[in-house]
Structure formats: structure tokens, C-alpha cells
Amino acid sequence: MVTPRQRRKFRTVIVLAGIVAAMLTLVGFSVPLYRLFCAATGYNGTTQRVADDAGKISPRVVIVQFSTSVAPNLPWRFEPVQRSVKVHLGEEKLVYFSATNTGTTPIIGHATFNVTPPKIGLYFDKIQCFCFSDERLAPGKTAIMPVDFFVDPALDKDPDAKDVNTITLSYTFFRATKPDDVQNLSRFDPNAPPDPERGARLFAERCSGCHALDRVKIGPPLGTVFDRAAGSVAGYPYSPALKHANVTWTVANLDRWLTDPEALVPDNKMPIKVLEANTRHDIVAYLEHLRADRAAATGTAGAPVR
Ligand code: HEC
């Protein structure tokens, strides 16, 4: 026989269990949520840059040093390719780290990073890096991993940071205990074939702040950009430079555009570059792929319909 008191107790236990379950779910989702947040807001240095510092490269120079370490149970050699670089505040810089799996089995590692002095962390913006993801490396293989960053020019306005000339970026690789959404470090291999699926993710992170596929945002729509003439979407307010550029968006021209828009079309108004070559290949493969999808949808590709 269950008394009303026992029933009330039972109800309390159920409610508490529900709260605990909800908390665990939130913890479990926090990394994907973080990624979602980045993709939605372009926090990783895309829209944020347009709003406040596009084209503003400060004369102030800082030295960024790199340091690396590896957890004792991870048989990887992990080193910065360059010990340090000098950068102007606001200047985007690409640096590399090298990891070698000296063990005999594929291993999944996970990097964490740290910026010192700690008060600088706020101003250190990474556009692309291998942090937060679980990375697989085959035995005996070496991966050269890019990190694309800039130091926010707002640093110059912070009285507490007047004395800062040197910033240290440290990475530590750990063995991933519960791998999730594992990525292969071989994606950074310069001979890797272009990967349109990765390109779609990179597009969401790095382009979608300004570009949609099928409508005008800050930039023109890109769903049909492949093989299109530059500056040709009716109703988009192009810069005169791009409108009159005699360029067709082929693989080679898209790659040149993303490497340095200013070098391909001087005085255009796209404010970003994509410094890392594999990232460019994958994004361009995705844009090309969209064209293939479109052709398939309208029946213009493949066998003629009888
Ligand atoms: C901060 C905003 C911004 C971001 C981020 C951005 N773009 Fe752009 N993009 C623009 C603007 C603005 C233009 C138009 C430039 C002009 O008129 O001179 C443009 C133009 C282009 C064009 C020319 C299209 C045409 O119709 O001629 C291509 C291609 C392009 N962007 C590709 C990309 C890709 C790929 C990415 C992601 C790696 C990207 N953009 C990220 C703002 C951006």
C-alpha cells in the first residue's frame, strides 16, 4: 500500500532525476553548442571583423611565441614549425604546427590551448585551428596543422595591455578519452583531394556570415557562383571594381580570389582572405559541387531523358 507521503517523496525523486538528466544533456551538448554558436554568429573572426576592424591594421607590432607540450601517455612529437612571428595588430597570420605519431597504432588526440599573459586572451582571435576537435593521426604519420589568427587592434586601447610586447600561445595535446566527431589530421596534407563536405562546414564557419546561397546578404549569393561571371548578380550593389572585372569564377580564379581578393581585383570590397590552401580547395570544391547538384536537380546533367 503506497501512502500519500510516499507518493510525494517519489514525485520529488523523479523531479530531481529529471533536473540531473537535463544538466547532463547540457554538458554533453556544450561542445556542439559552442560550434553552433560559432557557425551562427561567425564569431571566429568573420562578421565580427567586418563590424569593427575591417582593413584596420595598426602600426603596433607584437611578437607571438609558440610553445607546445604533449601529455605523457601520448606517443606524439608535437612542435611549432616557427618559434615566433611578428604581427601588426589586426593583421591575419598563418602559422603551422607539426605532429608525428611515433606509436604503432592510430591515435586520437585532443588539443587545448592557453594564451599568456592571460589578460591578452580576450584579444587573441583564432580564425581556424585544430583546437576543440578530436584528431586522428595514423602511426608513423606527420601532420602539418595550420592556425590562422589575428590580434584584435582593440588591444591598443586597453591601458592594462600597454606593456605587452610578447604573447605566448601554448598548445597541449592529450589522448582523447571519449572521442566525439573525430577528424583526420590527414586533411591538412597538401596532396589531399579536395573534400566538398568539409568545404560545406568551412563555408558555414567562414563565409555564411556574409554570404547565403540563394539571397543577398552582406555579400552576393554564392549558390550559383561556379562558372558565373564576376559581379553579375542583378540587384547586388557590387563595387565598381568587381562589376567591371573580367573574371569568371573557375576553380583557379576562386582560389586566387580567396588567397587575396585585392591582388585579383584591386579595390573590391570583400574584407577577408583565406590563407590556408586546403581550406580554400575544400570551399571551392563545395561551391563546384553545388553546381553539380543543381544540374542534377534540373536534369541538365547525365543521360538525356527520353
Ligand atoms: C565579411 C563579409 C564577407 C565574408 C566573410 C566573405 N565574403 Fe565574399 N564577398 C563579400 C562582399 C562584400 C563581396 C562583394 C565584393 C565587391 O562587390 O567588391 C563578396 C564577393 C564574393 C565573391 C564574388 C561573387 C560575385 O558575384 O562576383 C565570391 C566568389 C566570394 N565573395 C566568395 C566568398 C567565400 C568563398 C567566402 C568564405 C571563405 C567569403 N566570400 C567570405 C563579403 C564577404
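Details
- When you count the other C-beta atoms within 10 angstrom of each residue and take the mean per peptide, 204-210, 191-197 line up highest first as 204-210, 191-197.
- Listed peptides 220-232, 276-288, 172-184 by packing density, highest first (mean Cβ within 10 Å): 276-288, 220-232, 172-184
- For region 118-250, lysine pairs separated by 8 or more sequence positions, or belonging to different chains, with Cα-Cα distances below 29 Å total 9.
- The separation of region 68-140 from region 162-206, counted between C-alpha centres, amounts to 8 Å.
Bear in mind that the values in this text are calculations on the coordinates, not laboratory data. What you are looking at is a predicted structure, and each value in this text was computed from that prediction instead of being measured. FYI the Cβ positions are ideal-geometry reconstructions off the backbone, even for glycines, and counts take in every protein chain you see.
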